[in-house]
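Each remark here refers to the structure printed beneath this line.
The values are calculated or read from the model by the stated rules, or taken from the named source; none is laboratory data. Since the model is a prediction, treat every value here as computed from it, not as a measurement. Quick reminder, even Gly has a Cβ in these numbers, built from the backbone with ideal geometry, and neighbours come from all protein chains shown.
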């Protein structure tokens with residue numbers, strides 16, 4: 001599990017960058033990340049059961065690495 005390696009994955013808006021994600025983690029969880037990696041998840045074209053086409057918007061996944069001993073309480 002990623003929590004055992006002090007690695008957490010968050011879904012972020014497609015317009016934010018690493019520094020904004022880092023600041024949000026510090027504000028929300030009061031921990032300082034060692035490293036933040038981001039990956040783009042592209043938009044997908046979807047077709048409903050009735051044949052109507054649509055687009056599911058793209059997003060980013062943020063992978064946050066914490067120092068040993070730091071922890072984010074999820075639930």
Residue pairs qualifying under the 8 Å Cβ cut-off, at least six apart or on distinct chains, with the first in region 11-40 being in contact (Cβ under 8 Å) with a residue 24 or more places away in the chain and at negative phi and the second being surrounded by fewer than 11 Cβ atoms within 10 Å (Cβ to Cβ) and in a strand (DSSP E or B), are 14/40
When you check residue 20 against the structure, is it modelled with pLDDT of 95 or more and under 14 Å from the mean Cα position of the chain (by Cα), yes or no? yes
Of the residues in region 18-53, those that are over 23 Å from residue 2 (Cβ atoms) and surrounded by 10 or more Cβ atoms within 10 Å (Cβ to Cβ) come to 43, 44, 46
Restricted to region 1-12 and to residues being farther than 14 Å from residue 31 by Cα and modelled with pLDDT of 90 or more, the residue surrounded by the most Cβ atoms within 10 Å (Cβ to Cβ) is 12
Taking region 60-75 and keeping only residues that are surrounded by 14 or more Cβ atoms within 10 Å (Cβ to Cβ) and either assigned to a strand (DSSP E or B) or touching a strand residue (DSSP E or B) at 6+ places or on another chain (Cβ under 6 Å) (or both), one is left with 60, 62, 63, 64, 65, 66, 72
Suppose the filter is at pLDDT 90 or above and touching a helix residue (DSSP H, G or I) at 6+ places or on another chain (Cβ under 7 Å); does residue 55 pass it?
no
Of the conditions (1) in contact (Cβ under 8 Å) with a residue 60 or more places away in the chain; (2) touching a helix residue (DSSP H, G or I) at 6+ places or on another chain (Cβ under 8 Å), the single one that residue 66 does not satisfy is (2)
Practice problem: Answer yes if at least one residue in region 23-32 is assigned to a helix (DSSP H, G or I), modelled with pLDDT of 95 or more and farther than 16 Å from residue 73 by Cα, and no otherwise. | Solution: yes
